[in-house]
Amino acid sequence: MAQLEVMISGGFSGPYNQMLPAFEKATGIKVVTKSGASQGSGPKTIKAQLAAGTTADVVILSREGLTELMEKNKILQGSDVDLAQAPLGLAIPAGNPKPDISTVSAFANALVKAKKIVVPGSTSGIYLTQELFPKLGVSNQISVQVTERGAQSAAILAAREANIAVQPSSELVNIPGIDYVGPIPNSIQLIQTFAAAIVVNSPNQESAKKLIQFLSSPNAVGPIKNSGMNVVP
């Protein structure tokens, strides 16, 4: 049986996990899934794991992270395909009153009122902590915990150890213990595109192409929407 190794970040994991059984059944290709952050520091990023010798045939991550891999010549030229987009959204522990985040000032007020905010250290967290929070002038009025991965920040929120999480919508929808409030206002939004590509020197390029075709086919529309993501225009 053909085998394929995929390394994926949290952003597209929802649709990917929904679609994988059908792909394996249709093709007879067995997929081994590994996990890593799109960007950030530390040994858990996809870039750091590939540099350390972890093997993968396909990577699925934010465009920002993929660009870094391309610059390091880790990606087979011309193999990259955009899969879906995720706006940044806000979530709270399940059952808590939902804050108004319909305007930029309402969103800023919600952050200040919340005090303890959790964000992932990847692409979205870099944007929030280095650009958006300073721009809104709230950096000194809030306490921000940065986790390595989006799944960790969602878990902290579900455990009620933070009052708000801000990260890609796809990492907040359908998570037990948290309520998704909605996307942050458009004028301060970071829409992340998640893409797949084949790792240079992959010995399984034909199988890798099949997987990427499957994940970018019309079959993906339902799972993408179920995961709080948007289809790539």
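Okay, here's what the table says:
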{"quantity": "Among the listed pairs K44/K72; K30/K209; K44/K115; K113/K135; K72/K225; K74/K210, those beyond 22 Å (Cα-Cα)", "calculated": "K44/K115; K72/K225"}
{"quantity": "Antiparallel %, DSSP beta bridges [both residues in the chain], to 5", "calculated": "55 percent"}
{"quantity": "Shape category assigned to the range 1-98 from the gyration tensor of Cα positions, a/c cut at 1.5", "calculated": "oblate"}
{"quantity": "Förster radius 30 Å - calculated FRET efficiency between M70 and N226 (Cβ-Cβ, nearest 0.05)", "calculated": "0.50"}
{"quantity": "GNM top mover of P99, P223, P134 - the chain, alpha-carbon springs below 10 Å", "calculated": "P134"}
{"quantity": "Which of K44, K72 has the fewest Cβ neighbours within 10 Å, and the rest in rising order", "calculated": "K72, K44"}
{"quantity": "Sorted peptide list for 167-173, 102-108, 150-156, criterion being average Cβ within 10 angstrom, highest first", "calculated": "167-173, 150-156, 102-108"}
{"quantity": "Cα-projected label distance for I188 with D82, points at 7 Å along beta-carbon direction, nm", "calculated": "2.5 nm"}
{"quantity": "Least to most buried among M19, M70, M1 (fewest other Cβ within 10 Å first)", "calculated": "M1, M70, M19"}
{"quantity": "The chain: relative contact order in percent, alpha carbon pairs under 8 Å with at least 6 residues between", "calculated": "31 percent"}
{"quantity": "For L4, net neighbour charge (Lys/Arg +1, Asp/Glu -1) across residues whose Cβ lies under 15 Å away", "calculated": "+1"}
{"quantity": "Packing-based exposure ordering (other Cβ within 10 Å, fewest first) of V59, V31, V200", "calculated": "V200, V31, V59"}
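Read-outs: derived from the displayed coordinates by stated rules, not from any lab. Bear in mind that the values here come from a model prediction, so they are computed numbers and not experimental data. With ideal geometry, Cβ positions are generated from the backbone for all residues, glycine too; neighbour counts draw on all protein chains shown.
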